[in-house]
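Written below as structure tokens is the structure these notes are about.
Bear in mind these aren't lab numbers, they're just calculated from the coordinates by the rules spelled out. Quick caveat, the model's predicted, so the values are computed rather than measured. Note that we place each Cβ from the backbone using ideal geometry, even for glycine, and neighbour counts take in every protein chain shown.
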Amino acid sequence: MTRRRVVVTGMGWITPLGHDLEGTWQRVIKGESGIAPTTIFDGGTFPTQFAAEVKGFEASDFLGGDYEAHKDVSRQAGFALAAARLAWKHAGLGKAASLDKSRVGIYLGGGEGPMDFDNFTAAAVEGWNYAEDDLDTKRWADVAYERLRKIVEAEQDPNMAAAHMATMFGVEGPNFNTLTACAASTQAIGEATNIIRRGDADAMISGGCHSMIHPFGVTGFNRLTALSTRNDTCVTASRPFDRTRDGFVLGEGAGMLILEELQHARSRGAEIHAEIRGYGSTADAFRITDIHEDGRGGIAAMRTAIEDAGVKLEDIGYISAHGTGTQENDKIETKAIKGVFGDRAKNVAISSVKSMMGHLIAAAGACELITCILAIRDGVLPPTMNYENPDTACDLDYIPNQARKTAVTTCLSNSFGFGGQNDTLVVSAFND
Amino acid sequence: MTDVRRVVVTGMGVVSPLGTGVSDTFDALVEKRCGIDRIKSFDASHFTSQIAGEIEGYNVKDCVPKGYRKAIKVMARDIELAVIAAYHAVRDAGLRTKCLVDRSEVEGGVDVDSTRFGANIGAGLICADLNELAGALATSAEHPDATGNRGFSLEKWGSDGMTNLTPLWLLKFLPNMLACHVTIVHDCQAPSNTSTCGEASSHLAIGEAFRTISRGAADLCICGGAESKTNPMGLMRQSLLGRLSTDCNDRPAEACRPFDAARTGTVVSEGAGLLILEERERARARGAEIYAEVVGFGAGANASNWLKPQSDGRAVALATSKALADAGVSGDDVDLVNAAGVGTREHDASEAAGIRAALGDRCREVPVIATKGAIGNNGAGSGAIDLAMTIMAMKRGVLPPSINTREVDPDCGLNVVRGDPIDSRADVAVSVATALSGGQSGAIVIRRASE
């Protein structure tokens, strides 16, 4: 039984290191940092006062004549539309007049839009009855009706980025959004691959978008003590696999890929950048806060993806690690890689681009998959920056501090989400 | 392709304003009871719509192992409802999951291979618990000014106000926490996913679970959705979007009128529906009761606007046509339709147009069931409850009426079951759902289990 093959024909991203495919990739290879003091809001008293922000972004620069219709989108949906437009162009789909748009779909790992912070907090404070220490829902409703705005509320729904994209490109095929925390866009790409394989669509725009660099986002992660608090040395604060790592650095952005069934891509003469070979998704089913200590779910996701890809362990030349820079993730991910690769684990090059871009949450996996594809194309593996102090619990080859010239044909990309959601993709150079 | 794995429904768990358990909710629908009432959980008198389908008096503790009870404090209401529905679904399916074994409810050990048991649960944008969040935010208010107004100080919030929130606060509101808690409680380690597409979430989740089992990545999957919109923020958002009935605050049972000529809007609700999908041979081998077979799935998108439904219902039409083709049936084969019918003017008209386009002339005769008049619209959980009710109607041979549909809007042109329940045998049914915001649409075709 031959199954339909799924190839990548276009890529686009909006990241803390840049908005263009090649320039951003060059900054990744050079090991530049996208991390700086937070400017989106005044978080001067927050435990964490820095982030990897997308800089100088104007959706209008990317959307041209479509901007006006979509100008009210949330920050993250703006990233999504821009990245998707870049990917669409990269794939040469602007010229594909004969596209059957009922056979083109969207599968995103899109985050929720930020809450309307100033108006929300105003209503909360004004609606609070200090004497009774309780919310006065009558007063709250009065203020909320006055201050909250229909469009801002509507745009917070996590499926809105995918909905805007459907309209912008006029694509009517299967339209999904998954929000499995930090694993979302890896999951989306895996699911989109399966949708094409089974024949429910011929092409999918897939990836993710997210921005949690807002007061409630930082509050949530600070309360979980998941974020680095190196406010004085923030540029080098993201330190995956380094012994002194103290948490992840919040990033934002979007990564989008055009996935196509092989014959569909060929028949329109598209350039093929890579093939999505395998996908694995599992649940730890362990605890809401902790990863299973043996990396049970991560091991199962990697094994499933490798089996789905039909590749051998020795074929995998590079692992784009989830590598968040939290004590727990990096230790257990290392253990899980050893669990899958055994003696070979020491010979596989591994890195985390989160050391430079920060953690793009729902958008992370898509951007990391794009780095895998570019690494295969150029024979250059991105480094793990800020790796200075070896940790006995993390004793593999993390490509420390300097990109490495190595020809690879197959890469594995991991994304693990809060709540024990594990997703892995295997991508290869396209080969007949 | 040979050796297609067939997928059947072997268990259903429903929590709705009409009751807990799939039979209770279905019986209430047949008895024409209404779960919509004036809002009791908070003072809604300053909202334009003051009615909802609320669920009262449930107990999550009875649905998790004793050792898991402490986790309940980090469950938003949406998560609690999912956990309750999951418990009822696995019991209904006669499975011995980790939860039921830990609770000593079943004899013998776990009879499910965890690595072949997946989850795909639809979730909404989980609303902040305003009592909790506003209470914490209030500690960071400025001193009242001359008019008594207080501003909010981000400076105070960052330095210490935020510590009034529990450390795990964020985890209450991540949409994938529904699946996370359910997979922990029942030990489901196979493919797991969370669909977040408004009212279409359940259908997309169930459709994907169907595909996951078909392609062999799992043998069992717990799937569906859950959401609660019966809180100040959830109600406010729907109110601002202009979707709610506001003329029936004194007659809540008459407020939501799917496809009725005089419909004026929908009503917020809360609830969960989770189904156990199982590979057919596995179900047969263990002698499970088979409710129905899932035979088709289709999805489509509104490519004309992200907030406004299409007048021709094209997204619904596309999803439905694809689902029917996937099932290998034509519109003429369909004996029963389950429509979302939320009760707003434009969404119902759009959905009906889509169904008509997909089913053609068959639409004049085929009975359509709609449940929102009795249970309201909870968002992500509505579709799974609807599908469960459709399966019950098929199994019992009784079609429940849409309680407030008196005169079907000629613009809708569907044969909506109304008045009294109808005895009718259905072999093939299609259930559709569409996201009010976003327009994502899904359709599922089910077939009576062969006897």
Determine the distance separating the Cα centre of the range B:363-377 from the Cα centre of the range B:162-221; give it in Å without decimals.
28
For a quick size check, give me the Cα extents of the protein assembly as shown along its three principal axes, largest first, whole Å.
77, 74, 62
Within 10 Å of each Cβ of A:140-152, how many other protein chain Cβ atoms are there on average?
4
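Under a Cβ-only charge scheme (Lys and Arg +1, Asp and Glu -1), can you give me the dipole magnitude of chain A about the Cα centre, in debye to the nearest 20? Intermediate results must be reported in sequence, preceding the final value.
Working: 41 positive and 56 negative charges, 290 e Å.
Once rounded to the nearest 20, the dipole reads 1400 debye.
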Over 19 Å between Cα atoms, which of A:Lys71/A:Lys101; B:Lys70/B:Lys98; A:Lys30/A:Lys405; A:Lys138/B:Lys308; B:Lys32/B:Lys61; B:Lys66/B:Lys98 qualify?
A:Lys71/A:Lys101; A:Lys138/B:Lys308; B:Lys32/B:Lys61
Please list, by residue number, every one of the GluC sites (Glu not before Pro) in the range A:235-299 that is coil in DSSP and has at most 16 other beta-carbon atoms within 10 Å.
A:Glu271, A:Glu293
Inter-chain shielding of B:149-155 (mean C-beta neighbours from other protein chains, 10 Å cut-off)
6
Straight-line reach check, B:Lys229, cutoff 17 Å on alpha carbons, 8 or more apart in-chain or any other chain, hits among lysines -> A:Lys150, B:Lys40, B:Lys172, B:Lys372
Could you tell me how far the Cα centroid of the range A:71-127 sits from the Cα centroid of the range B:231-297, in Å?
27
Surface/4 of the Cα convex hull for the range A:198-352, nm²:
11.9
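From the helices alone, meaning DSSP H stretches of at least four residues, give me the mean residue ellipticity at 222 nm for the protein assembly as shown, per-run term -39500 (n - 2.57), in deg cm²/dmol to the nearest 500.
Taking each H run of at least 4 residues, the total per residue is -9000 deg cm²/dmol.
Show me A:38-47, A:323-332, B:386-395 ranked by packing, highest mean number of other Cβ atoms within 10 Å first. Before the final figure, lay out each step's value.
Working: A:38-47: 18.0, A:323-332: 23.3, B:386-395: 25.2.
Highest-to-lowest ranking by the protection proxy: B:386-395, A:323-332, A:38-47.
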Taking a ≥ b ≥ c as the square roots of the eigenvalues of the Cα gyration tensor, with a/c under 1.5 meaning rounded and otherwise prolate when a/b exceeds b/c and oblate if not, chain A is oblate
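Using a 10 Å cut-off around each Cβ, can you sort A:Met256, A:Met212 from fewest to most neighbouring Cβ atoms?
Values: A:Met256 34, A:Met212 22.
So the residues, fewest neighbours to most, are A:Met212, A:Met256.
Jot down the per residue volume, in cubic angstrom and as a whole number, of the convex hull over the alpha-carbon atoms of the range A:314-412.
On the way: hull volume 9.0 nm³, N = 99.
Spelled out: Cα convex hull of the range A:314-412, divided by residues, is 91 Å³.
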For chain B, take the alpha-carbon Rg, divide it by the Kirkwood Rh, and send me Rg/Rh.
0.98
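Would you please name the GluC sites (Glu not before Pro) within the range A:1-103 that are DSSP coil residues with at most 11 other C-beta atoms within 10 Å of their C-beta?
Within the range A:1-103, the qualifying GluC sites (Glu not before Pro) (loop, at most 11 other Cβ atoms within 10 Å) are A:Glu58.
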Burial order of peptide ranges B:226-236, A:344-354 (average beta-carbon count within 10 Å, highest first)
B:226-236, A:344-354
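How well do other chains shield peptide B:45-54, expressed as the mean number of their Cβ atoms within 10 Å of each residue Cβ?
Details: counts 3, 10, 7, 2, 0, 0, 0, 0, 0, 0.
Whole-number average of other-chain Cβ neighbours for B:45-54 is 2.
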